[in-house]
Each structure stands twice: as C-alpha cells, then as structure tokens.
Amino acid sequence: MSLLDDLRGQLSALDAQHLRRVRRANQIPCDAKMRVDGRELLSFCSNDYLGLAADPTVAKALIESVVRYGVGAGASHLVSGHYDVHERLEARLAAFTGCERALYFTTGYMANVGVIPALIGRGDAIFADRLIHASLVDGALLSRANLVRYAHNDVAALARALEESSASNKLIVTDAVFSMDGDIAPLAELLALAEQHDAWLLVDDAHGFGVLGPQGRGTLAEAGLDSWRIVLIGTLGKAAGVSGAFAAGHADVIEWLLQKARTGIFTTASPPILAEALLASIDLIERGDFRRERLHTMVDNFRGSLKLRRWQLLPSRTAIQPVLIGDNAEALRVSDALRDAGVLVPAIRPPTVPPGTARLRVSLSARHEVEDVLRLADLLNALEEF
Ligand code: PMP
C-alpha cells in the first residue's frame, strides 16, 4: 500500500496548503448564472465572454448538422476523419483572422502542445514570457528545445536573452492576452525582435479572439500586425463558445504543421457537428459589436465601482479582471465568502499563478447585467474590510 499511502499524504499536503481543487457540477446551460446542487449562483468564472456557449443560433446549427454528419468523425484528420465542414471552418478562420491558412485542432491545449515541437526541437531555443499558459510550457518542454523564460512583458529582457543565444532556430512564445492577468503582450515590439533575430513568433490569442480587434478578429488584428513568422493560435471554447482551436499563418507554415504537429495527427478528429456550430458562432462574433460593447460596459462598471486598498485590481481592459490578494488562504476565504453570498469567483492559486500572487479571477461576459457586476464590486469592497 505504500504507493497509495504516499499519494494520500500528498493529497493531505494539498489540503494543508489550501491547494486542493474541487469541481462544481452545473445543472443549467452556460450563462451568467449557474445552478449547483439546486442553488442558483451568479457566475464570474466562465470564458464565454460573448455569451455564445448556449446561443440558440449556434445550438441550431449543431442540431441540424447532426442529421447530416452523425456524431463522431470516425478517425483522425489524415485518415478519414476530415470533413468538408472542417475545410469550410479552416477557410473561414483564415479569412477572419487575415491569415493565409488555418489548421483546426481539437483543443487549445492540443494545438500548443503540437505546434511548438513541430516548429522547433533539440538544440534550438524558445524564449517565453514568464506567465505563458501551461499548455505552451508543456509544448515547449516536449520540443526538447532550450527554454528561456523572460520577465513578464519585459521586452528589454527578451532582447538580452536573444542576443546571448547562439541557437540557429529561435521561437518567441507569448500569450496575446494573459489568461490569469488580463493584460496584453507588447506584440509589435515582440515582432520587431523576432525580425531582428530571425525568430518565429507564436502568439496564443485564446482570450483576445472574438473580443479584441475589428469584428473580434483578435489582438494581432487590433495591433495591425502581419508576418509570415507569426503563428497565431486561437481557441474556440472561450469567446466562440464551443470548443477546439486553430493555428493560422503563412500557407507553407500551416502545411508544415499539418504534416508534423503530432497532436493533430495522432488523435480522432473532433466531431464535424462542432465545426458547423463554430461556423455559426464565427458569424455571430463577426456581427457581434453589440456583444463586445456590452462586455466593455461590464468591464467599465466593475473597474469603476471597486474601491480597494489592500488588494489590487490588476490593470486590464479585457474580460479578465483579476483581483490580486496574495495569500492562498485569504484568496480561498474570500472566494468562499462570495459563494456564501451567492456569487462564484474562482480563487486562482499556485501553480496556476506564481507563489504569493493568489487572486480572484473575475471574468466578465456580455451575458452579465450591470447590476450583477455592481453586486460583485459591492461584495468585494465589503469583504476587503474584514
Ligand atoms: N491558451 C491559453 C492562453 C488558455 O488560457 C487556454 C485555456 N485556459 C488554452 C490555451 C487551452 O485552450 P483549450 O481550453 O481549448 O484547451
């Protein structure tokens, strides 16, 4: 039993450090509210920034396509699991993001873990922002390239690291919108450095796609950046409200990823019905300025009503509005107190964020009402007093 006892000991250690995670089973479709154990709770947890996860138009596209495609793809894309609707989706994503070509993956995690080792390998070097998403770290580790982390959004530190490197193949990796901070990478400067040092630039726009840029085309479109050396990753389970992801860029780069990204090759293609739902969702994103305006109204109201002294509202103009608390136990206590008051906000603790930076990750959605956001701000203002 020693292996099992060991594991139990480690679980207890998680409890002692306030790091054990629990899941809550929602009983209703994704919305501003959740129902957990029969109790309605106002939710600031989801990444459904535009409120499309339960949109009737998207749901209808899925239901109608199941008659045509059935449920499962039946095989991987390169065998026989690739459908005409996958082709249409990839063409739509390429046109929407202004890239030559796009490649669809089953999840963002899979895209990142597949794309990085396809671009770079042993003896090469990856330069990654300290706060990149875990899936990018895992992709970097899997590539066996030398991984250099630079301080968050610190362009000078990145420039120094690039200058010191003798690797011939280099890849710079960043989130466009940082998933636990909500701030935006200095993409123009990163691209300039990539050009100067002849490096690839991978930009994970999981949280900007659909939210930022004209018609929600993403953070790169907002910044007006375009280059063959940029590989854009977008995810489709957040603002797009469904699931999946894509890599987009120069046609030859995407062809290479199709040939080499193992997480796209050795896995069953995602159901074609999801691609049909995604096509409907991208139409709604494109025509969704009113949803983005609503989301920004929520952001403005939240930021304008918080009056914090000890805790810190991190600078962010995106849907991710983190309240930095610091201590794990305190972050958990505040999250619990909010839940007792009927409001769900996740306490994000290490290893998801660096030690000492536990926080409430408030995520806002076009589905919220202004009064929901004011309620959360009032509760936080009151809780900070204790
Ligand atoms: N990249 C970033 C920046 C993310 O925040 C996430 C999801 N939290 C992912 C990738 C993974 O995407 P998916 O959920 O589609 O696997």
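The values are calculated or read from the model by the stated rules, or taken from the named source; none is laboratory data. Because the structure is a prediction, the values reported are computed rather than measured. Quick reminder, even Gly has a Cβ in these numbers, built from the backbone with ideal geometry, and neighbours come from all protein chains shown. Side chains included, ligands, DNA and RNA excluded: accessible areas come from the protein's heavy atoms. Shrake-Rupley method; radii C 1.70, N 1.55, O 1.52, S 1.80 Å.
Quick notes
- Cα-based reach from Lys307 at 27 Å (exclusive), listing lysines while leaving out same-chain residues under 8 positions away: Lys33
- Taken about its Cα centre, the chain carries a charge dipole of about 680 debye when Lys and Arg each add +1 at the Cβ and Asp and Glu each add -1 at the Cβ.
- The local environment of Leu338, defined by Cβ-Cβ distances under 15 Å, has a net charge of 0 under the rule Lys, Arg +1 and Asp, Glu -1.
- Unit charges at the beta carbon, dipole of the chain: most positive-side option, Ala128, Cys30, Ile172: Cys30
- Gyration tensor verdict on region 264-371 (Cα atoms; rounded if a/c is under 1.5, prolate if a/b is larger than b/c, oblate otherwise): oblate
- The string of couplings for region 241-257 from the Karplus curve (6.51, -1.76, 1.60, θ = phi - 60°) is x, 10, 5, x, 7, 8, 10, 9, x, 4, 4, 5, 5, 5, 4, 4, 5 Hz, one whole number per residue in order, with x for Gly and Pro.
- Selected from Glu164, Glu276, Glu100 as most flexible by GNM, with the chain as the system and alpha-carbon contacts under 10 Å: Glu164
- Applying Stokes-Einstein at 25 °C and 0.890 mPa s to the Kirkwood radius of the chain, computed over alpha-carbon pairs, gives a translational diffusion coefficient of 112 µm² s⁻¹.
- Using the Karplus relation 6.51 cos²θ - 1.76 cosθ + 1.60 with θ = phi - 60°, the per-residue 3J(HN,Hα) values for region 376-386 come to 4, 4, 4, 4, 5, 4, 6, 5, 5, 5, 7 Hz, with x marking Gly and Pro.
- Of interest is the spacing of the C-alpha centroids, which for region 278-314 and region 72-93 amounts to 32 Å.
- Carbon-plus-sulfur accessible fraction, the chain (probe radius 1.4 Å, protein heavy atoms only): 53%.
- Neighbourhood net charge (9 Å Cβ-Cβ; Lys/Arg +1, Asp/Glu -1) for Ile348: +3
- The GNM of the chain, with springs linking C-alpha atoms under 10 angstrom apart, assigns the highest mean-square fluctuation among Pro315, Pro271, Pro29 to Pro29.
- Computed over neighbours whose Cβ is under 14 Å from that of Leu212, the net charge equals -3, Lys and Arg +1, Asp and Glu -1.
- Unit charges at the beta carbon, dipole of region 73-270: most positive-side option, Gly264, Ala118, Gly81: Gly81
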